[in-house]
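The values are calculated or read from the model by the stated rules, or taken from the named source; none is laboratory data. Source: prediction; values computed, not measured. Cβ placement follows ideal geometry from the backbone for every residue including glycine, while neighbour counts extend to all protein chains displayed. SASA here: full protein model, heavy atoms, side chains in, ligands and nucleic acids out. Shrake-Rupley method; radii C 1.70, N 1.55, O 1.52, S 1.80 Å.
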Amino acid sequence: MKYFHNLFLVIGLLMVSIQAFSQAKKPQLVVIPSDALMNQMGLLQLADDMGEVNYVQNYKQAFLDTDLKACISKISEMFNDRGFPLTMLEAQLRNAQGRSIPITIDLRLELNYKINKQGPRDILYFELSAIDAYSSKQVGATSGQSKPAIGETKVNLLQEAVIDKIDKFAADLDSYFESLAQSGRESRLTIESENPLPDDLIDVVEEWLSANCVNGVFSTDNIDDNIIQVSQAMMPLYGPNGKSLDARNFYRPLRNVLTNQGLNVKQVASKNASFSVGGTLGDGHFVIE
C-alpha cells in the first residue's frame, strides 16, 4: 500500500508540474519586416528630427506587397501554432490611423529575406531577429536558406527554410522570457528640468528604485544640475492586476512620491513615441517645472 501511495503522489506532482508548465506565460510577439528589407523595397526614409536623424518605415505601403504580406502571415502562423500570442502589425496600423500609439508587445521579430538565383532555380535566404521591445536589444537570431527550386512561391520557400530552425529559436525566446520573470525587465528613467534640480532629489529617486526594482537592480548613469538618467532599472513583468507592466505605469507611483515632495512633475512620452513597434515601452520620462 505504501508503494502505491508513493506512486500516486509522484504521478500527482508530475501532473501539477506539467499543468504549471503548460500555463506558463509566453511573450507577446509581433512579426515585422526588418529595416534591411524595407530599404530593399524602397520603403525606408531618413528623417531629420531637430538634428537627430531617424529612419521612417512605410509599413502601410509594405503590406500592399502580396509576397511580403504572405511571408509575415506565415511566420506569425508558425509561432501561433507553437503557443505564442501574436499581435498583427497590419491590424495595428489600421487601428492607429496616424495617431501616436506604441504597440504593446514583449518581443518584435524582424524578418529579412531575399531570393538568390542558381541558374533557373530560386533559393530563399532568410534572417529572423528577436528584439526586446523594452530595451531595444537583440535577444535572439536565426537564419537559413531553402533548397533550390523552380516555380515555388516565396512563402513556400520561406516555410521550408524556417521549418527546421523555428523550434530551437522559439525555445530560446521562451528561455529568455523566463529569465525576465526572475531578473526583471530592463527600463530607463530620465528626470529633467530647465531649472536646477533639488540636491536631495537623487536620494529620493534611488531610494524608490531600490525598493521597487526587481532585486533592487538599477544603474544611475548621469547626475547633473538639470538631469538625472537611470538605466538597467529592472521592473517586474506584470503589475498587481496581472497585466504587462510598461515603464509609464511602473514609474507612475514615483511621480506621486515626487509630487508629495512639493515638486510639479509631468510624466511625458518618450520623444520617439510616435507610432512605434515597441522600443519606447521601457522609457520613463519626467519633466519637473
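I'd like to check something: does the range 145-165 contain any residue that is open to solvent by less than 50 Å² (accessible area, probe 1.4 Å) and under 20 Å from the mean Cα position of the chain (by Cα)? Checking the range 145-165: not a single residue is open to solvent by less than 50 Å² (accessible area, probe 1.4 Å) and under 20 Å from the mean Cα position of the chain (by Cα).
Within the range 210-252, if we keep just the residues that are among the polar types (S, T, N, Q) and in contact with an Asp or Glu (Cβ under 9 Å, 6 or more places away or on another chain), the residue that is least open to solvent (accessible area, probe 1.4 Å) turns out to be Ser231.
Quick check on Val287: is it at pLDDT 95 or above, hydrophobic (A, V, I, L, M, F, W, C) and surrounded by fewer than 16 Cβ atoms within 10 Å (Cβ to Cβ)? Yes. Of all residues in the range 62-115, those being within 21 Å of Gln45 (Cα to Cα), surrounded by fewer than 17 Cβ atoms within 10 Å (Cβ to Cβ) and hydroxyl-bearing (Ser, Thr, Tyr) number 1. With respect to (1) crowded, with 19+ Cβ neighbours inside 10 Å; (2) of a type outside the set (Lys, Arg); (3) more than 26 Å from Met88 (Cα to Cα); (4) within 21 Å of the chain's Cα centre (by Cα), the lone exception for Ser187 is condition (3). Screening Gln138 with (1) touching a strand residue (DSSP E or B) at 6+ places or on another chain (Cβ under 7 Å); (2) modelled with pLDDT under 95 gives one miss only, at (2).
Number of residues in the range 33-58 that are in contact (Cβ under 8 Å) with a residue 60 or more places away in the chain and within 15 Å of Glu110 (Cα to Cα) equals 6.
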